[in-house]
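Peer 1: Pasting a structure here, questions to come.
The values are calculated or read from the model by the stated rules, or taken from the named source; none is laboratory data. What you see is a predicted model, and the numbers here were worked out from it, not measured in a lab. Cβ sites come from the backbone with ideal geometry, for glycine too, and all protein chains shown count toward neighbours.
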Amino acid sequence: MLYFYTPCPADPAGPGCPVFDRPGVFDAAREGCRLPIRDGNTAPEKPKKPASPEEKSVALSLTEARRELALANRIVANEGVIDAFGHVSMRHPDDPGRYLLSRSRAPELVTPDDFVEYHLDSVPVRDPGVGQYSERVIHGEIYKARPDVMAVCHHHAPAFMPLLATRADYVPVFHLGAVGGIKPPYWDQHDEFGDTNMLVVKPEEGASLARALGQGWMVLMNRHGVTVAGTSVKDCIFRCVYSAMNAAYQVQALCIGASVASLTPGEAQLCGRISTATTGLERAWEYWSMRATKAGGIGPAAPRAVPARKGATGKAAGSKVGKGSAKKTKAGAARRR
Ligand code: MN
């Protein structure tokens, strides 16, 4: 069966889906596309009406945004990028001067009700009355420095640790690894701040990291982790998952002992556009969503009250942020990375 070009969901007004809508492509290869299949004997349908500017803006309502961000948290956990620590945020859909980040919870447990709204200086808009991530300045300072960034993820993916422990460069060793760039920058907190507990908790530390990120999408944090930015939550997660996969392949290839072949700069540039030039991003998101759903999906909201710990002084750790100064959350910093 032959197929004609059909509108690509990523670009309905465009010439067609560049991956799936080619003559002779089998049904199985189209599964991720979910477009109606037309056979060669049928007159081509009229192209769909182009999306209105409002639709193209893909602006999410706050409710939708919270749900997407909760799912993003579940996905990075389910795909092995994040464990108890690490976090994903998004710029507020209605106010670019704010961002949404979960209260201090393992991402695998985050629900749409867990998000706290922050100003870009990482001060909560309202006292959330719950523990907060101490490294939230990573997010705020990147949003401040990069108006084009709509989502940020900070993680300590095991796949990256051999590189981060040896300060080895990350190089894309397969096409999807291009999402991390070629030799993304390293940032070492010690260079500017000396001995610290290595948590990025001061605004100036977050700003330093944002400067290291520059105009890129991924910055490696020596002996700590990785911070990834994206033009959307989905873009950010795509970069996180495939850069972690690439890091694992790179390290495994190094173990073989042969020299590791990297994509050329030109290949990396072209491959870095795969997620936006094809249906790849939506296809991957649908796949990861299915896997996260199988793993339990987004569960019911948990009580927001932070239970008092045995031996605590009666005040829930980090629960009172007051004016939101990052230093006021130091009580629980060590376990809230
Ligand atoms: Mn960290």
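Peer 1: Applying the selection to segment 114-139, what residues are more than 19 Å from the chain's Cα centre (by Cα) and more than 16 Å from the ligand (Cβ to nearest atom)?
Peer 2: Within segment 114-139, His119, Asp121, Val123, Pro124, Val125, Arg126, Asp127, Pro128, Gly129, Val130 qualify.
Residue-wise test of (1) more than 15 Å from the ligand (Cβ to nearest atom); (2) in contact with a Phe, Trp or Tyr (Cβ under 6 Å, 6 or more places away or on another chain); (3) of a type in the set (A, V, I, L, M, F, W, C).
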position: Ala145; (1), (2), (3): yes, no, yes
position: Cys153; (1), (2), (3): no, no, yes
position: Asp169; (1), (2), (3): yes, no, no
position: Val173; (1), (2), (3): yes, yes, yes
position: Gly214; (1), (2), (3): yes, no, no
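Peer 1: Is one or more of the residues making up segment 107-118 in a loop (DSSP other than H, G, I, E, B), on the phi < 0 side of the Ramachandran plot and surrounded by fewer than 23 Cβ atoms within 10 Å (Cβ to Cβ)?
Peer 2: Yes: segment 107-118 contains one or more residues that are in a loop (DSSP other than H, G, I, E, B), on the phi < 0 side of the Ramachandran plot and surrounded by fewer than 23 Cβ atoms within 10 Å (Cβ to Cβ).
Peer 1: Then there's this: In the set Asn246, Asn222, which member is out of contact with any Asp or Glu (no Cβ under 9 Å at 6 or more places or on another chain), of a type in the set (S, T, N, Q) and in the same structural domain as Ala65 (by TED's automatic domain parsing)?
Peer 2: None of the other options fit; the residue is Asn246.
Peer 1: So which residues in segment 136-191 are at positive phi and without any contact (Cβ under 8 Å) to a residue 60 or more places away in the chain?
Peer 2: Answer for segment 136-191, where residues must be at positive phi and without any contact (Cβ under 8 Å) to a residue 60 or more places away in the chain: Arg167, Lys183.
Peer 1: Also: Out of (1) in contact (Cβ under 8 Å) with a residue 60 or more places away in the chain; (2) more than 20 Å from the chain's Cα centre (by Cα); (3) at positive phi, the odd one out for Gly194 is which?
Peer 2: Against the list (1) in contact (Cβ under 8 Å) with a residue 60 or more places away in the chain; (2) more than 20 Å from the chain's Cα centre (by Cα); (3) at positive phi, Gly194 comes up short only on (1).
Peer 1: Could you tell me which of the residues Ala84, Ala65, Ala159 is in contact with a helix residue (DSSP H, G or I) (Cβ under 7 Å, 6 or more places away or on another chain) and surrounded by fewer than 21 Cβ atoms within 10 Å (Cβ to Cβ)?
Peer 2: Ala159
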